[in-house]
Each structure stands twice: as structure tokens, then as C-alpha cells.
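The values are calculated or read from the model by the stated rules, or taken from the named source; none is laboratory data. The shown structure was predicted, so the numbers you read here are calculated from the model rather than taken from an experiment. No Cβ is skipped: glycine too gets one built from the backbone with ideal geometry, and neighbour counts run over all protein chains shown. Heavy atoms of the whole protein, side chains included, go into the accessibility calculation; ligands, DNA and RNA do not. Shrake-Rupley method; radii C 1.70, N 1.55, O 1.52, S 1.80 Å.
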Amino acid sequence: MISAPVITIDGPSGSGKGTVAGILAKSLGWNLLDSGALYRLLAFAAVNHGVALDNEALLAKLAAHLDVQFIGATDGKSARIILEGDEVTHAIRSEGVAAGASKVAALPAVRDALLQRQRAFQESPGLVADGRDMGTVVFPEAPLKVFLTASAEERARRRYLQLKAKGDDVSLSGLLDEIRARDERDTQRAIAPLKPAADAIQLDSTELSIDQVLERIMSEIALRDIAG
Ligand SMILES: Nc1ncnc2c1ncn2[C@@H]1O[C@H](COP(=O)(O)OP(=O)(O)OP(=O)(O)O)[C@@H](O)[C@H]1O
Ligand SMILES: Nc1ccn([C@H]2C[C@H](O)[C@@H](COP(=O)(O)O)O2)c(=O)n1
């Protein structure tokens with residue numbers, strides 16, 4: 001059986017992975033996996049159920065039975081996400097939930113419990129998957145792996161503009177601190193740390209527009225002839 005091709009996009013928070021993965025999936029007509037959403041959903045559900053964010057055994061159980069639906073998932077992060085019957089699309093995007101996600105993501109049993117759920121997204125005609133370990137652990141056979149970065153200052157600036165536009169009361173320096181703390185946790189953890197796969201192409205988007213990033217990835221897709 002020939003399995004559907006996968007394009008992985010890994011990188012730190014605010015590098016533009018989700019935006020680029022969503023546009024790419026839509027333009028190729030492929031499926032989309034926003035793996036960070038799964039870790040966010042788990043952290044969100046844990047708080048709702050009163051489960052401590054360091055209770056590895058209970059969190060793994062919760063992860064294995066997470067009742068979640070992604071609706072319209074080929075439309076990037078605007079897809080609707082339903083957790084245990086409630087819409088949580090916007091609620092899981094806060095920096096507080098992100099910090100919780102980064103904490104539960106450091107627990108091996110949690111990552112194990114979410115592995116098959118992520119691999120199940122690999123369906124025809126193809127999959128664009130964004131996260132931290134898509135190229136290194138979840139889809140090591142992917143024919144195109146992108147590691148997208150940008151300076152912490154630029155990523156904080158982007159997040160600031162994004163949250164301000166939503167009407168959130170945030171400070172640039174606070175966001176920069178949060179981004180640095182999350183980078184530290186995500187890159188230094190013992191299991192599946194954020195790092196480029198050996199065969200990933202590395203793109204620094206600090207000085208690139210979203211369109212320029214997409215152009216670079218599209219040319220790699222054409223070079224490898226993976227989208228038919
Ligand atoms: N190259 C770019 N230039 C300017 N703004 C960008 C660029 N890429 C993404 N952005 C903007 O930065 C913000 C964060 O992007 P996005 O949510 O895609 O990042 P992310 O890497 O998925 O972050 P996270 O891991 O926290 O979900 C968005 O408002 C997006 O529009
Ligand atoms: N493949 C993944 C995806 C996400 N995480 C963790 C680490 C992140 O800080 C957090 C939230 O992810 P985001 O929505 O910002 O992409 O989830 C991970 O460990 N592995």
C-alpha cells in the first residue's frame with residue numbers, strides 16, 4: 001500500500017508554522033494536522049477536570065480518551081474545534097493554555113498516548129503537519145521537512161500584533177518572556193525536543209513575508225515532485 005505523502009513544518013512558537021501549514025494544506029487540497037492543538041486541548045481538558053499538569057498517569061489516560069472533533073480542518077487554524085461537546089476553538093489559543101500545553105508535552109506517557117492519534121491524520125491525498133516533532137518523531141519518513149524559525153523578538157512582535165488585533169490586553173515584553181520560557185521548555189525536554197530533523201530544510205522567516213516563506217516551500221515541493 002502506498003501511504004499518503006506528508007509535509008512537516010516544525011519550529012518554535014510564532015515562527016509562522018500554523019499560518020503556513022494552513023495555507024499550504026488548503027492550496028494543495030491536503031489534510032492538516034495542527035499537533036499543538038492536541039497538546040493545548042489536553043491542557044485545557046486537564047484544568048476542566050481538575051487534573052494537575054504534572055500528573056503523568058492521569059494525563060496520559062485523559063489524552064487517550066480525549067473526545068475531540070476538528071471541523072473543516074483543511075482551512076488552517078480557523079477550523080472549529082469541539083472538545084467534549086463544547087466549542088473551544090478560541091479558548092485554547094490563550095498564552096496560558098499554551099504554557100500548560102508545553103508542560104504536559106514534556107511527559108513521555110502523554111506523547112505516547114497522542115502518537116497514533118496524530119499518525120491517523122496521514123490520509124490521501126496528503127498531509128501537512130505542523131508542530132515540534134513532526135519531522136523527527138511522528139512522520140520521520142516525510143518526503144519534505146521544513147524547520148521554520150524567526151528571532152524571538154520578531155515572534156513576540158507577531159504574537160503581540162495578533163493578540164492586540166483580537167482585543168487582548170498584552171505587553172510585548174511579557175510575550176517575549178513567555179516565548180523564551182516556552183522555547184526553553186520545548187527545546188530542553190528529554191523526550192522529542194524541538195529540533196530540526198537531520199534532513200529538514202531550515203528557513204529563517206525573520207525577514208521574510210508569509211508569501212515568501214510559501215514560495216520557498218512550494219519550490220521545494222516542485223523539486224521533489226511530491227504533490228502530483
Ligand atoms: N513571515 C511572517 N511575517 C509576518 N507575520 C507572520 C509571518 N508568519 C506568521 N506571521 C504572523 O505571526 C502570527 C503567529 O503565526 P502562527 O500562529 O502561524 O505561528 P506558529 O508558529 O503556528 O505559533 P504557535 O506554535 O504558537 O501556534 C500570526 O499572526 C501570523 O499571521
Ligand atoms: N508536536 C508538538 C506540538 C506542540 N507541542 C507542545 C509544545 C508547545 O509549546 C505547545 C503548544 O503548541 P503550539 O500550538 O504553540 O504549536 O504544545 C509539542 O510538544 N509537540
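At what distance in angstrom do the alpha carbon centres of the range 101-156 and the range 190-219 lie from each other?
Between the Cα centres of the range 101-156 and the range 190-219 lies a distance of 13 Å.
Taking 0.36 nm per residue of separation and subtracting the Cα-Cα distance, what length does fully extending Ser151 through Lys164 add?
Stretched out fully, the Ser151 to Lys164 stretch lengthens by 2.7 nm.
Would you please classify the overall shape of the range 59-126 from the alpha carbon gyration tensor, given that a ≥ b ≥ c denote the square roots of the eigenvalues, rounded means a/c under 1.5, and beyond that prolate means a/b larger than b/c while oblate covers the rest?
Oblate shape, in that a/c is at least 1.5 and b/c is the bigger or equal ratio.
Could you work out [θ]222 nm for the chain from helices alone, using -39500 (n - 2.57) per DSSP H run of at least four and dividing by all its residues? Round to the nearest 500 deg cm²/dmol.
Taking each H run of at least 4 residues, the total per residue is -14500 deg cm²/dmol.
Determine the per residue accessible area of the chain with all protein chains present and a 1.4 angstrom probe, expressed in square angstrom.
47
Give a quick list of GluC sites (Glu not before Pro) in the range 123-228 that DSSP marks as loop, anything other than H, G, I, E or B, with at most 14 other Cβ atoms within 10 Å.
Here the GluC sites (Glu not before Pro) that fit, given the DSSP loop and packing criteria, are Glu123, Glu141, Glu207.
Nearest 0.05, what FRET efficiency do His65 and Glu207 give at R0 = 41 Å with Cβ-Cβ as r?
0.40
Convex hull over the alpha-carbon atoms of the chain: what's its volume per residue in Å³?
About 122 Å³ per residue, rounded to a whole number.
Would you mind telling me the share, in percent, of accessible area of the chain contributed by carbon and sulfur at probe 1.4 angstrom?
After summing per-atom areas, the C and S share lands at 52 percent.
Could you tell me the number of lysine pairs in the chain with C-alpha atoms less than 30 Å from each other, where the two lysines are 8 or more residues apart or belong to different chains?
Counting lysine pairs in the chain gives 27.
Provide, as a two-decimal number, the C-alpha radius of gyration of the range 105-161 over 2.2 N^0.38 Å, N being how many residues it has.
The value comes to 1.39.
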